[in-house]
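So the structure is just underneath, and the comments pick up after that.
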Amino acid sequence: MKAVVITKPGGPEVLQLQEYPAPVPGQEEVLIKVHAAGLNRADLSQREGRYPAPPGVPADIPGLEVAGTVVSSGESVTMWSPGDKICALLAGGGYAEYVTVKEGQCLPVPEGLSFAEAASLPETVFTVWSNVFQRGKLTPGETLLIHGGSSGIGITAIQLAHALNNKIWVTVGTEEKGEACIRLGATQYINYKKQDFEKALATTGIDVILDMVGGKYLGKNLTILNPEGRLVYINSMEGNLAEVNISTVMQKRITITGSTLRSREYSYKKALAADIHQHVWPLIAAKKFLPVVYATFPFKEAAEAHRLMGSSEHIGKIVLVNE
Ligand SMILES: NC(=O)c1ccc[n+]([C@@H]2O[C@H](COP(=O)([O-])OP(=O)(O)OC[C@H]3O[C@@H](n4cnc5c(N)ncnc54)[C@H](OP(=O)(O)O)[C@@H]3O)[C@@H](O)[C@H]2O)c1
């Protein structure tokens, strides 16, 4: 098969479309013919050699999510049959013609969506559902602040929280990104390059914050959170270390938490997929939550796709398509 391979750690140019042995499905796995693969910020870190793949997936093929058609399956598979159109959460290996994954990490391609649209869903939906709604316990009527509102994660969190009756604030780097977030359901945006979000939200009262920035944002986040607020980390792009005012945490009874999805065990991902199928897939069917695909590239242009993501010009998701 053909696969986009990280030929050595480095810039986008190290991604090359090459011949690669096709995977064989294990007992609980399906073999998917990949029609589209979503890009995620983690793919760039893996390409640079800063985020190695966990055991069990190809170390040199990035790709955390795909959509395609089931070709064959292991003997214990009961959920899917050859010909089914599915999308799947992977731990790696998605930028390829074929990929294998355990059956419980797959979901049906929602009615009416293209493969590119379906491939843009798993990583962000799994991450947002588990961190904002399960871990962060956002309930209807509460207020949510999303840092990086125009990211793949951001556009998913905005739409899900909007569909479930929350008010949403976002931080973004440009007015254009802010306006896009408003169109998706955000209440208000803060251009962090022009305005300090701590001052802008001093009297708003935020119940849950989804943060991928980290670093100095910690103290500001704690200041604007309501009593019983929850601060959920999914990355720390501006630094892992920060000072915390413990008194603020105690006085407001704030919960600071976070998680990473890729390394979690299969039983967790399977249960999460079932919860998402029950709660999120109906929102897609009702058109209350729609994929936002900013750009598609053929697999052979994966380097260009990585350059675009590295520029942070995009709003929403970037997807590779097998032509
Ligand atoms: N923990 C988990 O399980 C998990 C799972 C998936 C994703 N994530 C994390 O969630 C974040 C979003 O992922 P994504 O794939 O949706 O990314 P993405 O679409 O590339 O979006 C990242 C956005 O963050 C903003 N940003 C703020 N500070 C930045 C910085 N220092 N460097 C680069 N961008 C910065 C940029 O928008 P502005 O121009 O507005 O600043 C950029 O567009 C990533 O950090 C990713 O690692 C975590």
Query - Tally of residues being near the ligand (Cβ under 10 Å from one of its atoms) and either surrounded by fewer than 20 Cβ atoms within 10 Å (Cβ to Cβ) or among the charged types (D, E, K, R) (or both) across the range 111-138 - result: 1
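Taking the options Ile155, Ile146, name whichever one is in contact with a Leu (Cβ under 7 Å, 6 or more places away or on another chain), farther than 17 Å from Asp207 by Cα and either among the basic types (Lys, Arg) or not in a loop (DSSP other than H, G, I, E, B) (or both).
Working: Ile146 fails: farther than 17 Å from Asp207 by Cα.
It is Ile155.
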Report task. Mind counting the residues in the range 10-56 that are in contact with a helix residue (DSSP H, G or I) (Cβ under 8 Å, 6 or more places away or on another chain) and more than 29 Å from Thr156 (Cβ to Cβ)? Result -> 2
Query raised in the report: Looking at the range 147-199, which of the residues that are of a type in the set (Ser, Thr, Tyr) and surrounded by 24 or more Cβ atoms within 10 Å (Cβ to Cβ) is farthest from Val125 (Cα to Cα)?
Result: Tyr189
Requested in this report: Give the residues of the range 201-219 that are within 16 Å of the ligand (Cβ to nearest atom) and either without any contact (Cβ under 8 Å) to a residue 24 or more places away in the chain or surrounded by fewer than 16 Cβ atoms within 10 Å (Cβ to Cβ) (or both), sorted by residue number.
Outcome: Gly215, Lys216
Report task. Take the range 231-273 and flag every residue that is within 17 Å of the chain's Cα centre (by Cα) and not in a loop (DSSP other than H, G, I, E, B). Result -> Val232, Tyr233, Gly258, Tyr268, Lys269, Lys270, Leu272, Ala273
Report summary line: Scanning the range 90-134 for residues that are among the aromatic types (Phe, Trp, Tyr) and touching a helix residue (DSSP H, G or I) at 6+ places or on another chain (Cβ under 7 Å) gives Tyr95, Phe126, Trp129
Report task. Select, from Ile61, Ile32, the only residue that is in a loop (DSSP other than H, G, I, E, B) and either crowded, with 18+ Cβ neighbours inside 10 Å or in contact with a strand residue (DSSP E or B) (Cβ under 8 Å, 6 or more places away or on another chain) (or both). Result -> Ile61
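Go over the candidates Pro282, Pro291 one by one and state the one that is over 15 Å from the mean Cα position of the chain (by Cα), at pLDDT 95 or above and at negative phi. Quick ask: steps written out before the conclusion?
Working: Pro291 fails: over 15 Å from the mean Cα position of the chain (by Cα).
After applying the criteria, what remains is Pro282.
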Query raised in the report: Does Gly68 count as within 21 Å of the chain's Cα centre (by Cα), closer than 15 Å to Val34 by Cα and not in a helix (DSSP H, G or I)?
Result: yes
**Report entry** Count of residues meeting criterion [away from the ligand (no atom under 14 Å from the Cβ), of a type in the set (S, T, N, Q) and surrounded by 10 or more Cβ atoms within 10 Å (Cβ to Cβ)] in the range 243-266
**Finding:** 4
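The values are calculated or read from the model by the stated rules, or taken from the named source; none is laboratory data. Worth saying up front: this structure is predicted, and the values here are computed from it rather than measured. FYI the Cβ positions are ideal-geometry reconstructions off the backbone, even for glycines, and counts take in every protein chain you see.
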